[in-house]
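All remarks here apply to the structure that follows.
The values are calculated or read from the model by the stated rules, or taken from the named source; none is laboratory data. This is a predicted model, so every value here is computed, not measured. Positions of Cβ are generated from backbone atoms using ideal geometry, with glycine treated the same way; all protein chains shown enter the neighbour counts. To get the accessible areas, we keep the full protein, side chains included, count just its heavy atoms, and leave off ligands, DNA and RNA. Shrake-Rupley method; radii C 1.70, N 1.55, O 1.52, S 1.80 Å.
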Amino acid sequence: MTDQFLSVSGGRKYLEAATFKQASDMQGLLYRRSPVCSGTRPFVKNGILASIALEELAAIGEYLEPVVLRERMILQEPKKQIEHIYFIESGLVSLRILAAESILETAVIGHRGVVGASLLAEGHLATRQSVVLVSGSAYRILVQELRRLLPKCSEVREHLVRYVQAQNLHCAQTGLCGVRHDREKRLACWLCLASDALQADVLPITHDYLSSMLGLRRPGVTETLIRFEQQELIRKTRGILQIRDRRSLEQKACSCYKLITGAYFATEFVSSATDGVCASFDSHVSSI
């Protein structure tokens, strides 16, 4: 499905050229196996790949393919078989639920995340749509290859399990936020989450996109953004929104922002409960 609500400024060609160059550089570094085996970490920005042991990175690195993520590129479609799982390096991916003629965004995925990890436990078919919102780059791996590697790569498996748990909380919290929190809090929350995921204070986002994905009336979105600009929290031009006062914008956001951010950052502690989830995850993988 073509995303008819997204509009990015003329800087798109520059961004795509930069991501093509980055993908080329990534490929040279990734497939240069000697540095990995000798104890130096290849140039990876994805939070999961950057945090695993070098031995596991070397094992999975043989099967990772660097790709450029183009704006509006569809990585997953509901009820369709998925061939690849994407470890996002840069850019922004929108995770959505489609129902009849309606679209609702449930999460945004950036450099800390993975597109398709939940399929390893849930089966072969995607339940949501994943669309590139801001151009970037990623490493992708065939689903069957990752399934084959997981029993040998305990850190990769553990990080994926914990990431899926955090993403599930993100999606559930988004649903709660949509019915309990007001427009101003929801918009501030989304802007902060998108900025974190993109690692940037400049977001190529339109009023139409925010209205459609958050289920808000466009005049209300415009009114709120004008108020944010008057308070010097943001600066907006056609198709571009810049965050100027991040701390104050976070204070405007609802409690969902801290809950969701905390879930993604809570990866340094591994409890016995997580070990149980990993065992369950393994049984799912082996039964598929």
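Using the average count of surrounding beta-carbon atoms within 10 Å as a protection proxy, the listed peptides 80-89, 128-137 rank, highest first, as 128-137, 80-89. Rounded to the nearest whole Hz, the Karplus-based 3J(HN,Hα) values (6.51 cos²θ - 1.76 cosθ + 1.60, θ = phi - 60°) of segment 137-154 follow the sequence 8, 7, 9, 10, 9, 5, 4, 5, 5, 5, 4, 5, 7, 4, x, 8, 10, 5, with x at glycine and proline. I want to make sure I understand the PRE zone here: with the label point 7 angstrom from the Cα of Glu145 toward its beta carbon, which residues in segment 44-62 have backbone N atoms less than 12 Å away? Within reach of a label on Glu145: 59-62.
Summarising the label geometry, the points placed 7 Å from Cα in the beta-carbon direction at Leu259 and Leu176 lie 0.2 nm from one another.
Label positions at Val202 and Leu54, each projected 7 Å from the Cα along the C-beta direction, are separated by 3.7 nm.
Can you give the local net charge around Glu232? Use residues other than it whose beta-carbon is closer than 10 angstrom to its beta-carbon, Lys and Arg +1, Asp and Glu -1. Provide the component values of the computation, followed by the final result.
On the way: positive: Arg235, Arg244; negative: Glu229, Asp245.
Neighbour charge sum, excluding Glu232 itself: 0.
Using all pairs of distinct alpha-carbon atoms, the Kirkwood hydrodynamic radius of segment 114-180 works out to 13.8 angstrom. The alpha carbons of segment 181-224 occupy a box of 28, 20, 16 Å along the principal axes, longest dimension given first. In this view, the solvent-accessible surface of Arg112, computed with a 1.4 Å probe and all protein chains in place, comes to about 80 Å². Pairs spanning more than 27 Å between alpha-carbon atoms, out of Lys236/Lys258; Lys185/Lys236; Lys79/Lys252; Lys45/Lys152: Lys79/Lys252.
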